[in-house]
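Notes to accompany the following structure.
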């Protein structure tokens, strides 16, 4: 009788331990922060360096010696190096704010006919919490959102961005890109969209240019750990401060960036 009483708690403890081990092996963690890395593809690194401010960022060359005490980071790096680069799911092309603004107004007119709504109803504005640096330039600045961020063209359905930006436009127009991507499935009834095939939308050439480069180049590989304890996180943040000049590093000829996430 005594043996049975002793064995049952042991079995329960062992079962709980095995269950916890299984959960940990499958990514469970009781912690809510961790490490993230990004392995740049050649294409994305070249794009990144096109901006003068990025060209000045330091890239620290590291070796296996630098990773001796950072097993979680080493594991992420090895996994990234063994992963195939994904192809871009979205095509991007330069566009001016004037072109983007005109497109949205033209598209709003097309949507108004399809949905029997006033064209202005597809826009919403938010003038709360505006950045002070923008208000100094123009007190009328506001954030404008456009409902029509999907469309159909030549029997294929797409999403289109950006759909939200400041009016008047306050950011560097050199960084502005029109982004087009294929939808994951047929658009639902709660999506707002129209067929642009044969329409007189003026940026159709830019839309076609963005569509043409979908799947044409390699994207970066992004990975992250599961949650790590506060002490482990402090160790990695100290490692970054002591080892890297910034957040970029080169390992085995490849460029990486390191970051930290928190849920």
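List the relative contact order of the chain as a percent without decimals, with contacts defined as Cα pairs under 8 Å and 6+ residues apart.
Value for the chain: 38 percent.
On the basis of the beta-carbon distance and an R0 of 41 Å, residue 32 and residue 187 show a calculated FRET efficiency of 0.70. For the chain, the longest principal axis of the alpha carbon atoms and the long axis of helix 230-243 meet at an angle near 70°.
With contributions of -39500 (n - 2.57) from each DSSP H run of at least four residues, the per-residue ellipticity at 222 nm computed over the chain stands at -11000 deg cm²/dmol. If you plug the beta carbon distance of residue 120 and residue 172 into 1/(1 + (r/R0)^6) with R0 = 35 Å, you get a FRET efficiency near 0.80.
Using 0.36 nm per residue and subtracting the Cα-Cα separation, the extra length available between residue 138 and residue 235 on full extension is 30.4 nm. Note on segment 172-197 and segment 48-108: Cα centroid distance 22 Å, given to the nearest whole angstrom. What do you get for the angle between helix 2-25 and the principal long axis of the chain? Use alpha-carbon atoms, 0 to 90 degrees, nearest ten. That helix lies at roughly 40 degrees to the long axis. With axes computed from alpha carbons, what is the tilt in degrees of helix 97-115 against the longest principal axis of the chain, rounded to the nearest 10 within 0 to 90? The helix 97-115 is inclined about 80 degrees to the chain. Sorting 248, 135, 176 by the number of Cβ atoms found within 10 Å of their own Cβ, with the fewest placed first, yields 135, 176, 248.
Only the coordinates and a few stated rules stand behind these numbers; no lab work does. Since we're looking at a predicted model, the values are computed, not measured. Don't worry about glycine lacking a Cβ; one is built from the backbone with ideal geometry, like all the others, and counts go over all protein chains shown.
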